[in-house]
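The next block holds one structure in the form of structure tokens; read it before the comments.
The values are calculated or read from the model by the stated rules, or taken from the named source; none is laboratory data. Worth saying up front: this structure is predicted, and the values here are computed from it rather than measured. Every residue, glycine as well, gets a Cβ built from its backbone with ideal geometry; the counts of neighbours run over all protein chains shown. Note: accessible area is taken over every heavy atom of the protein model, side chains too, but ligands, DNA and RNA are not part of it. Shrake-Rupley method; radii C 1.70, N 1.55, O 1.52, S 1.80 Å.
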Amino acid sequence: MNHLMFYCRPGFEKDMAAEIQDKAVALECFGFSRVADNCGFVLFECYGEQDAERLARRLPFRELIFARQMLVVIEQLNGLDLKDRITPIVEAVKKMPQFGELRVETADTNEAKELSTFCRKFSVPLRQALRAAGKLTPDEDPRRPVLHLFFLKNDSVWIGYSYPNNNSPFHMGIPRLRSPSDAPSRSTLKLEEAFYMFIPQDDEEYRLCSGLTAVDLGASPGGWTYQLVRRGMMVSAIDNGPMDEALMETGQVKHIMADGFTYRPTKKNPYWLVCDMVEKPARITHLVAQWFREGCCQEAIFNLKLPMKKRYAEVEHNLAVLKEWLAELEGDYVIQAKQLYHDREEITVHVYDEKKLARRRSGAYNV
């Protein structure tokens, strides 16, 4: 087969299809998407021989906005004998190189979630059979491709593989985060996932650390402020609404009752700007661009709430506008965007200046 499969949030299949169409054309790999509403995945069928393999290697997974996972399809098996599903699966991968990891997965839909227990239990005997057949390394090997079994029903499975240097490291492409019991709201997981997604672990000691200052626009009741405080930052929480009392008692939060669109810091020393305000994407994009243009922050994470239709087009337009405005400034600005698992009708955007970050890494930059 010459297909790529992309996991995505149910309801965003058409946006995923539009995105992969654009990205594939840019790499001169042509094809078309097979889309079904609310199924949680998209199949992209390539016209050119080996184009699926080429895309899996050349299309940067981190730059895909709506994709949770990307894999090359080997085969689809339907009508499996429930008494022996393992034999045809092992046979299907017989001619493939040895894999370094096995993931037995399903779609993130209410219907498919009923298969989760089966997938977890089935992975144990399947892993043993694959190792006995020499198709899976004795221990997980991050240098080798990952084998994916994507079950639609207990007798129907898509078999595929991904490359560990160009995929999501998470089962089903979903990071498993627990909402802290003392967090003011579940929205705190959006920013925690964003930090996990966008900030390399090696950078945390100087990008997510005590001594930094941050501004949270539209902060009430403090879900995003909580993530900044727990990392030791001093935070200006901008909102006319109330803030969580426990956060205020930390002494790390200054609550400023003001409009998030008009507020600017008196001293241009905040490192982080974060924003999860409910507003049109164009207005949020303009606001964040102004903060960078006025030198009011060095790094930002913010959410863009999406319309009901033409969401990919809306995203591309706003990211293009942001890129155009930042291009007028000195610096080498990097823009990353992703629909995170804890997002809903929105995407999360991350912006930073690579030149300034390089100086921080070298220790030559003072906050």
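Report yes if some residue within the stretch 169-179 is more than 26 Å from Gly100 (Cβ to Cβ), among the polar types (S, T, N, Q) and either within 17 Å of the chain's Cα centre (by Cα) or open to solvent by 40 Å² or more (accessible area, probe 1.4 Å) (or both); otherwise report no. Reasoning before the result, please.
In the first step, residues of the stretch 169-179 are kept if they are more than 26 Å from Gly100 (Cβ to Cβ); the result is 178-179.
Filter once more, so that each one left must be among the polar types (S, T, N, Q): 179.
If we keep only those that are either within 17 Å of the chain's Cα centre (by Cα) or open to solvent by 40 Å² or more (accessible area, probe 1.4 Å) (or both) as well, we get 179.
Yes, the stretch 169-179 contains at least one residue that is more than 26 Å from Gly100 (Cβ to Cβ), among the polar types (S, T, N, Q) and either within 17 Å of the chain's Cα centre (by Cα) or open to solvent by 40 Å² or more (accessible area, probe 1.4 Å) (or both).
In the stretch 81-100, is there at least one residue being modelled with pLDDT of 95 or more and closer than 24 Å to Tyr312 by Cβ?
Scanning the stretch 81-100 turns up no residue that is modelled with pLDDT of 95 or more and closer than 24 Å to Tyr312 by Cβ.
Which of the numbered conditions does Asp108 fail, given that it passes all the others? Conditions: (1) assigned to a loop (DSSP other than H, G, I, E, B); (2) acidic (Asp, Glu); (3) exposed (fewer than 15 other Cβ atoms within 10 Å of the Cβ).
Of the numbered conditions (1) assigned to a loop (DSSP other than H, G, I, E, B); (2) acidic (Asp, Glu); (3) exposed (fewer than 15 other Cβ atoms within 10 Å of the Cβ), the odd one out for Asp108 is (3).
Looking at (1) touching a residue at least 60 places away in the same chain (Cβ under 8 Å); (2) surrounded by fewer than 21 Cβ atoms within 10 Å (Cβ to Cβ), which is the one condition that is false for Leu189?
(2)
Which condition does Asp259 not pass, out of (1) part of a loop (DSSP other than H, G, I, E, B); (2) open to solvent by less than 10 Å² (accessible area, probe 1.4 Å), if it passes all the others?
The failed condition is (2).
From Trp272, Trp291, grab the single residue that is open to solvent by less than 10 Å² (accessible area, probe 1.4 Å), of a type outside the set (D, E, K, R) and closer than 24 Å to Pro175 by Cβ. It would help to see each step written out before you state the result.
Numbers: Trp291 fails: closer than 24 Å to Pro175 by Cβ.
From the options Trp272, Trp291, the qualifying one is Trp272.
Run Cys29 past the list (1) open to solvent by 30 Å² or more (accessible area, probe 1.4 Å); (2) more than 22 Å from the chain's Cα centre (by Cα) and report the number of the one that doesn't hold.
The failed condition is (1).
Can you work out which of the residues in the stretch 53-73 that are in contact with a Phe, Trp or Tyr (Cβ under 8 Å, 6 or more places away or on another chain) and either assigned to a loop (DSSP other than H, G, I, E, B) or open to solvent by 30 Å² or more (accessible area, probe 1.4 Å) (or both) is nearest to Phe30 (Cα to Cα)?
Residue satisfying both the conditions and the ranking: Arg57.
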